[in-house]
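Read through the structure below, which is laid out as structure tokens, and then see the notes.
Taken together, the values in this text are just the output of simple stated rules run on the coordinates, not laboratory data. Computed from a predicted structure; not experimentally measured. Backbone-built Cβ (ideal geometry, glycine too); neighbour counts: all protein chains shown.
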Amino acid sequence: MRALVFHGPGDVRLEDVPEPEPGPGDVLVQVEVALTDGTDAKAYRRGHPVLLGPPPSPFGHEFCGIDVATGRRVVAANSAPCGACPPCRRREETLCENLFPLLNGAYAELLLVPQRIARVNLLRVPHGLAPEVAALLESLACCLHGIERAAIEPGQTVAVVGVGPIGLMLCAAARDAGADVVAVGGRASRRELAQEFGATPGDGKGADVVLEAAGREEAWRTAVELVRPGGTVVLFGGLPRDAAPPVDAYRLHYEELTLRGAFHHAPRHVRAALAFLASGAAPWERLVTHRVGLGGVAALFDDPPDDLLKAAVVP
Ligand SMILES: [Zn+2]
């Protein structure tokens, strides 16, 4: 079968590789569509030993496809918590101590969903839901976890810093939680799109809750500056491991700010994400702006078009 293989930073190759052979409980999926995301783009540029393992390695983790054994359309998250470790037993599954194996290899004709993920986080796609919308599952599940961490009260003002695909999904989810949502930053076309995801463009000053969704030190700083005294900042976008953004000790202490991290998703968020996608509550399809074949992925990461949100990769 044809698959995109990651050989090192900036080096992915379209190759003929042996078809994966499912073991007990594994599910073999014929990929209809995979989606690019920021994590893949980062992994392409810098490598990602945790996510991808030692090269050469399969690549891509957001997908929708057909379960070869049953003919059903399915979608899955890229991991599943073990359910048995102390964090899992506290229902803090994002902190699971045994999150491996991760799912990789969605940029291919066939994809093997490992047994644990197939058991916990593989779901049937409802009729009528377009495959490229269903494939937004994992990204949206992460966003719903971020919203849970934000503990939004209806009527609160929530500022979202960063209006990429994640920022737009956070806008829709915060709106759904009953917030007045302000989208901060981005060029004019993005601010316009943010309105379709339930947000009003603005500066976000004095927001009750600020969701950082840009993954840059500067955005972390902005988020802490914007929130009102007593407010909550959710730091959603990851920074490089050695990053040490300055902390405004005055604001933290005298203005009693709450800073919370948000990483990954739990099975409850994966299920809620699929229902949210199927509800049509937001124009999810507008997050998929480009369409390429397997051979077009590298060029997209090398030189992303200005208007790229996510690309559908059709093997
Ligand atoms: Zn666990």
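Listing for the model above:
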item: Interchain or long-range residues, amide H under 5 Å from residue 262's placed H; result: 235
item: Amide H contacts of residue 136 (H built 1.01 Å from N, under 5 Å, at least 5 apart or other chain); result: none
item: Karplus (6.51, -1.76, 1.60) ³J(HN,Hα), θ = phi - 60°, over region 193-203, in Hz, Gly and Pro reported as x; result: 5, 4, 5, 6, 9, x, 10, 10, x, x, 8
item: Positive-end residue of 206, 115, 314, charge dipole of the chain with Cβ unit charges; result: 115
item: 17 Å tail of the calculated P(r), region 141-261, as % of Cα pairs; result: 49
item: Rounded to whole Hz, the Karplus (6.51, -1.76, 1.60) HN-Hα couplings of region 13-22, x for glycine and proline; result: 10, 7, 10, 8, 10, x, 5, x, 10, x
item: Loop sites in region 84-170: GluC sites (Glu not before Pro), DSSP, at most 12 other Cβ within 10 Å; result: 97
item: Residues with amide H under 5 Å from that of residue 32, placed H, sequence gap 5 or more; result: 64, 65, 66
item: Region 209-279 - percent relative contact order, Cα under 8 Å, separation 6 or more; result: 31
item: Residue order, fewest to most surrounding Cβ atoms within 10 angstrom, among 142, 171, 82; result: 82, 142, 171
item: Largest-first ellipsoid semi-axes for the chain, taking √(5λ) over the Cα gyration tensor eigenvalues, angstrom; result: 32, 20, 20
item: Inter-part distance where region 291-306 and region 206-220 are each reduced to a Cα centre, Å; result: 28
item: Packing-based ranking, highest mean first, of 172-183, 245-256 given that Cβ atoms within 10 Å are counted; result: 172-183, 245-256
item: C-alpha center-to-center spacing [region 96-156, region 1-22] in angstrom; result: 23
